[in-house]
Structure formats: structure tokens, C-alpha cells
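See below for the structure under consideration.
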Amino acid sequence: SRRGSNFSGSFPCKGDWDTMRGIICMALFAGAAAFVPCLSTMSTPGLDPVATARRDIKSKGVPFVVPMAVATIAALSLRQRRSTAKTSRKAEEVVMGQIDPETGKPNYVNPFEERIDFEKDLPPGTQKDPSGKKFHPYTGPVYKKVPVVEGLQFPLDPNLYYPPLEPPEPGVKWGDGRAQDGNWYMDIEDEKVQYWQGVGKRKTACAIVRIVKGNGQFIVNGKDAIQYFNNYPIWWLKACEPLAALSQKNKFDIIAKSFGGGVSGQAGAIRLALARAMQEYNFNWRPLMKKARFLTRDWRMVEPKKTGQPKARKKTPYHKR
């Protein structure tokens with residue numbers, strides 16, 4: 001059956017409205033056909049309209065009353081359903097994010113506004129010194145306590161977007177291939193396993209890293225990391241440095257995919273992607289990794305060669321004549 005065909009259940013679709021409109025028009029035409037003679041007699045001067053209507057109803061009987069009753073009931077039910085649908089849609093409209101001045105609580109839940117638990121690491125009786133950038137509250141559109149992109153209407157049009165057509169629950173991250181509960185999952189030997197993901201760049205190389213709970217395996221592009229980095233320990237250690245620095249190397253398996261640039265650039269890209277994946281797993285690791293510059297994108301690039309010159313920096317000697 002077509003979706004929404006049950007009027008008592010879900011919201012009717014376009015085809016059901018067309019069917020109802022046709023039924024109402026037929027009922028109105030039938031009622032008008034039976035009511036026109038009565039109107040002509042009611043408009044005749046010198047006749048009592050009430051008595052004339054009663055006499056016509058008695059003489060015409062059921063064929064006159066039934067079409068008018070059907071038309072009236074159909075029109076009232078359609079009006080009630082439209083008002084109900086309008087009310088329910090208004091209750092779930094997109095509103096603008098704001099903070100209640102009385103309670104100080106926002107009308108949205110942003111899971112990307114993560115904070116570090118400093119209190120459990122500080123000695124008792126001490127307070128954290130304010131640092132970092134100034135916090136700016138969110139003032140964009142909000143739908144069901146979830147910040148959304150401006151200009152969208154929910155549920156999304158299935159002809160334009162892939163499911164899910166509704167945003168996730170408040171407090172759950174979304175996007176980047178996450179599941180509906182905000183986590184990443186992959187199938188390993190027909191088993192659903194959770195993983196954490198990060199993306200990094202270095203020079204012209206890019207890397208995508210996934211970490212899963214394991215025993216310290218390190219795979220890059222389907223090969224063992226030591227074999228992929230040509231048994232060069234500097235590149236191998238540089239790639240897995242964030243996990244090794246926090247003594248977590250033997251608690252996770254690293255699955256990396258790198259492309260572009262050379263082996264050294266790919267090692268730096270894997271390091272940045274691995275640090276971002278570790279931040280997704282435990283946000284309290286961020287201060288240590290930020291202090292060690294594991295989360296900083298290395299801006300250094302190869303100087304490009306100049307047109308008309310032999311190399312990037314080397315110049316042709318100047319000759320006056």
C-alpha cells in the first residue's frame with residue numbers, strides 16, 4: 001500500500017489528498033443538484049422558506065439529505081486534519097539558538113562543544129586559570145534541540161537527500177559516516193566493531209586513520225607499517241608517535257590509508273590523523289597532544305621552482321654584457 005494511504009494513521013500523501021478532493025467535489029455536486037429546486041422555491045415571494053424546506057425534505061427523502069451530510073462531514077474532517085497537521089508542524093519548526101537569560105541554559109545541545117575535565121586532575125582547593133579563546137554562544141538555527149544548517153526544512157526531501165532524513169538525538173555527533181547513535185562502526189570478520197577516525201595532511205600527502213581496540217598492530221595501505229616505511233625506524237616512529245607518547249601503543253590497532261606525496265610526508269600525515277582519532281576517543285588527551293604539537297598541521301611545504309630560474313632558490317648569474 002502507498003505510504004500515508006491510511007487516513008487514521010500517518011499523514012496523507014499527495015495522491016490521497018487528490019482522492020479526497022474528488023470525493024468532496026462529487027458530494028458537493030450531488031448535494032447542489034438536489035438543493036437547487038429547494039432554493040428556487042425558498043426564494044419565491046409569499047412562501048414560508050422553512051415550511052417549504054421541510055416539505056421538500058419530506059417529499060425528496062434520503063436522496064436529498066445524504067449528499068449534503070456527506071459533503072459537510074468530508075469538509076469538516078478535511079479542515080480538522082489540515083489544522084492538526086499545521087499545528088504539529090508548527091510545534092517542530094526550526095528556531096534560532098539562544099541562551100535563556102533566567103536559567104542560563106541554551107535551547108540546544110551541541111556535542112562538538114567538548115570540554116576537558118580539569119577538576120579531577122587539579123589538587124583540592126585550586127581553581128583553573130581561564131585561558132584559550134573567548135566562548136561565543138551559538139545563535140544559528142536549531143531543530144529539536146539540535147543545531148542544523150541554515151535553510152533546511154525537516155524532514156528532508158527523500159528525492160534530494162539520503163537517509164536519515166531527521167537529525168540525530170540531542171547530544172549525539174553526526175556526519176563523516178557516523179551511525180545514528182553518533183559512533184563509527186566497521187565489520188571485522190562479520191562482527192560489528194567500533195572505531196575512531198581522523199584525517200591529516202603533511203606537504204602534499206593525505207592520510208585517513210582508524211583506531212580500534214587491539215594489541216598494537218599497525219597497517220598502512222594493507223601492509224605492515226615497518227615494511228611500508230622500508231624498515232626505516234624514523235618514519236615508523238614518527239607515524240605512531242602520539243600513541244607511543246601516551247603509552248597506548250599496545251592497546252589499539254592502527255589502520256591507515258595514505259596517498260599523495262612521499263613516504264616522509266605520508267608519515268607526517270598519519271601522525272596528525274592519528275592524533276585527531278585519539279582526540280575523538282578521549283578528549284582529555286587533547287592538552288598533552290596540543291602541547292606536543294601533535295594536533296598542529298605542519299605548514300612547511302617545498303618551495304616551488306620559479307619560471308626562468310634553474311631551481312627554487314638558485315638564480316642565474318647576472319651579466320651586465
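The values are calculated or read from the model by the stated rules, or taken from the named source; none is laboratory data. Only a predicted model underlies this, so the values are computations on that prediction, with no experimental measurement involved. FYI the Cβ positions are ideal-geometry reconstructions off the backbone, even for glycines, and counts take in every protein chain you see. The area values use the complete protein model at the heavy-atom level, side chains included, leaving out ligands, DNA and RNA. Shrake-Rupley method; radii C 1.70, N 1.55, O 1.52, S 1.80 Å.
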**OP:** State whether the residues of the stretch 183-190 include one that is over 26 Å from the mean Cα position of the chain (by Cα), modelled with pLDDT of 85 or more and open to solvent by 100 Å² or more (accessible area, probe 1.4 Å).
**Re:** yes
Subject >> Considering residues of the stretch 268-284 that are crowded, with 17+ Cβ neighbours inside 10 Å and of a type in the set (A, V, I, L, M, F, W, C) only, the residue nearest to the chain's Cα centre (by Cα) >> reply: A277
Subject >> Residues (within 30 Å of the chain's Cα centre (by Cα) and hydrophobic (A, V, I, L, M, F, W, C)) located in the stretch 252-267 >> reply: F252, I254, I255, A256, F259
Original post:
Limited to the stretch 214-251, what total is found for residues that are under 34 Å from the mean Cα position of the chain (by Cα) and part of a loop (DSSP other than H, G, I, E, B)?
Top reply: 9
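Across the stretch 159-188, what is the number of residues that are without any contact (Cβ under 8 Å) to a residue 60 or more places away in the chain and closer than 23 Å to Y281 by Cα? Outline the logic, then answer.
Here is the first cut: in the stretch 159-188, the residues without any contact (Cβ under 8 Å) to a residue 60 or more places away in the chain are 159-169, 174-181, 183-188.
Filter once more, keeping what is closer than 23 Å to Y281 by Cα: 167-169, 174-181, 183-188.
Residues that pass the stated criteria total 17.
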**OP:** Please indicate, with yes or no, whether at least one residue in the stretch 252-259 is in a strand (DSSP E or B), in contact with a Gly (Cβ under 6 Å, 6 or more places away or on another chain) and open to solvent by 20 Å² or more (accessible area, probe 1.4 Å).
**Re:** yes
Original post:
For residues in the stretch 138-158 being touching a residue at least 12 places away in the same chain (Cβ under 8 Å), open to solvent by 20 Å² or more (accessible area, probe 1.4 Å) and farther than 17 Å from V172 by Cβ, which is nearest to the chain's Cα centre (by Cα)?
Top reply: L152
